[in-house]
Amino acid sequence: MKIKICGMREPDNIRQVTDLHPDYMGVIFWSGSPRNACQLDPAVLATVPQTIRRVGVFVNETEEQVIRTALRYRLDLVQLHGHESPETCRRINRIIPVIKALSVATQADLEQTQCYQDCCSILLVDTKTPTYGGSGQQFDWSLLEHYTGHLPFLLSGGIGPQDAERLLSLSHHALLGFDLNSRFESAPGHKEYDLLKPFIEQFKKQNHEANSKQLTR
């Protein structure tokens, strides 16, 4: 199981979170977000080790601007969090791997994932809200059993410090990992190290123990 920490924007906070060694670090390049990092110096992300994959988050941005920003910040992946079409995702995915975010509230919402199976690299399943992410709200995770696609997905939406054990109890053939954001903040864009550290340590320990049990069966 992978951990993605999203909504990073402060240089010192980015350096702090880097020490926790998440698998992905997300930076938002949408001016409508209180977590937007549109003015972030690219040199800050350049200090993030290659073991942490850098993800740029965009909302209904032009393909040209997505690619331009990805090159400037040396992103490893881009996350498209708006109403981007499968064909738009396909074109960008040929240049840089695409994570397509999809909003879920009902079983019917999961059906939209079928349109993106062959044009993206990863899906991100988030809670449906009037805005684009960062709501701190969870959807009914039991709906995930209705996802039958082959594309791996990250679970997002309202995951908090108390959810580590529940997350590790989830079982799905395509579940890649989890996206952490607003429930670990003291202010938009500022992640609390003292909340993240015990969560990630507990998560990694239990994940390791679960994997060890599977190997000894």
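The values are calculated or read from the model by the stated rules, or taken from the named source; none is laboratory data. On a predicted model such as this, the values are computed, not experimentally measured, just so you know. Note that we place each Cβ from the backbone using ideal geometry, even for glycine, and neighbour counts take in every protein chain shown. Accessible surface is based on the protein model in full, side chains and every heavy atom, while ligands, DNA and RNA are left aside. Shrake-Rupley method; radii C 1.70, N 1.55, O 1.52, S 1.80 Å.
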Could you pull out the pairs from 2/191; 100/197; 2/100; 128/205; 100/204 whose alpha carbons sit more than 24 Å apart here? 100/197; 128/205; 100/204
Could you tell me what a quarter of the Cα convex hull surface of region 1-142 works out to, in nm² with one decimal place? 8.6
Computed FRET value (nearest 0.05) for residue 165 with residue 65, which takes r as the C-beta separation and R₀ as 41 Å: 0.50
In whole percent, and with a 1.4 Å probe on the protein chains, what portion of the accessible area of region 31-106 is carbon and sulfur? 48
So how much slack lies between residue 23 and residue 146, counting 0.36 nm per residue of separation and subtracting their Cα-Cα distance, in nm? 41.6 nm
Using r as the Cβ-Cβ distance of residue 172 and residue 137, and R0 as 22 Å, what FRET efficiency do you calculate, to the nearest 0.05? 0.60
Mean-position separation - Cα centroids, region 82-124 and region 146-217, in angstrom: 21
Restricting to Cα pairs below 8 Å that are 6+ residues apart, what does the relative contact order work out to for the chain? Please round to a whole percent. 19
Rounded, prolate or oblate: which fits region 73-116, taking a ≥ b ≥ c as square roots of the Cα gyration tensor eigenvalues, rounded meaning a/c under 1.5, else prolate when a/b beats b/c? prolate
What residues qualify as long-range amide H neighbours of residue 104, i.e. H under 5 Å apart, gap of 5 or more or another chain, H built at 1.01 Å from N? 126, 127, 128
Could you report the chain's accessible area per residue, 1.4 Å probe, as an integer in Å²? 48
Summed over the other residues with a beta carbon less than 14 angstrom from that of residue 147, with K and R at +1 and D and E at -1, the charge totals -4
In nanometres, what is the gap between the two model label sites at residue 211 and residue 90, each 7 Å from Cα along Cα-to-Cβ? 3.5
How are the Cα pair distances of region 61-217 distributed, in percent, across 10 Å bins from 0? 10, 34, 36, 18, 1
In region 1-20, whose amide N lies under 17 Å from the spot 7 Å out along Cα-to-Cβ of residue 186? List them in ranges. 8-18
Heads up, I need the accessible area for residue 6: 1.4 angstrom probe, whole protein in place, Å², nearest 10. 10
If you rank 83, 150, 172 by how much accessible surface each has, with a 1.4 Å probe, what is the order from largest down? 83, 150, 172
So the carbon and sulfur contribution to the accessible area of region 111-217, 1.4 Å probe, in percent, is 48
Run the 1.4 Å probe and let me know the accessible area of residue 14, rounded to the nearest 10 Å². 0
Tell me the Rg and the Dmax, in Å, that the Cα atoms of region 95-144 produce. 11.4, 34
